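All of the numbers you see were taken from the coordinates with simple rules; none came from a lab. Because the structure is predicted, anything quoted here is derived from the model rather than measured. Cβ placement follows ideal geometry from the backbone for every residue including glycine, while neighbour counts extend to all protein chains displayed.
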Amino acid sequence: MTNLAEIRNLSIRFTGERNVHAVNDLSLRLGEGEVLGLLGESGSGKSVTLRALMRRAMPDKGLVSQLPYMRNPGRPSARSGRDLPPAWADAD
């Protein structure tokens, strides 16, 4: 089965007055024809995980890979207005 998306060892944290570990060492694969549902309490990292998959959140650690038709390498990031950083490399 072809993987549409894969996340390996994803960790995202937000720093400020306090450090928040929004996602800690998450790995998953979404295959063609599969449906993914994220369930959890408020603040458990569901939205941050999806933002990472859409390349709208920068991971502290880990890789996010997608099939070519899900990528848009020339499109600037909506958040920063700049090109996405090279850290968004495919896992392969």
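Taking other C-beta atoms within 10 angstrom as a stand-in for reagent exposure, ARG29, ARG55, ARG18 fall in the order ARG18, ARG29, ARG55, fewest first.
Just subtract the alpha-carbon distance of MET58 and LEU36 from 0.36 nm times their residue separation and send over the number in nm, one decimal.
Working: separation 22, 0.36 × 22 = 7.92 nm, distance 2.12 nm.
Stretched fully, the MET58-LEU36 segment lengthens by 5.8 nm.
Just add up the charged neighbours of ALA22: K/R +1, D/E -1, any other residue whose Cβ is under 10 Å from the Cβ of ALA22. Net charge around ALA22: +2. For the stretch 4-46, applying the loop criterion from DSSP together with a ceiling of 14 other beta carbons within 10 Å to the GluC sites (Glu not before Pro) yields GLU17, GLU32, GLU34, GLU41.
Each residue of the stretch 11-21 is assigned a 3J(HN,Hα), and the resulting list reads 9, 9, 9, 10, 10, x, 4, 9, 8, 10, 8 Hz, derived from the Karplus form 6.51 cos²θ - 1.76 cosθ + 1.60 (θ = phi - 60°), x at Gly and Pro.
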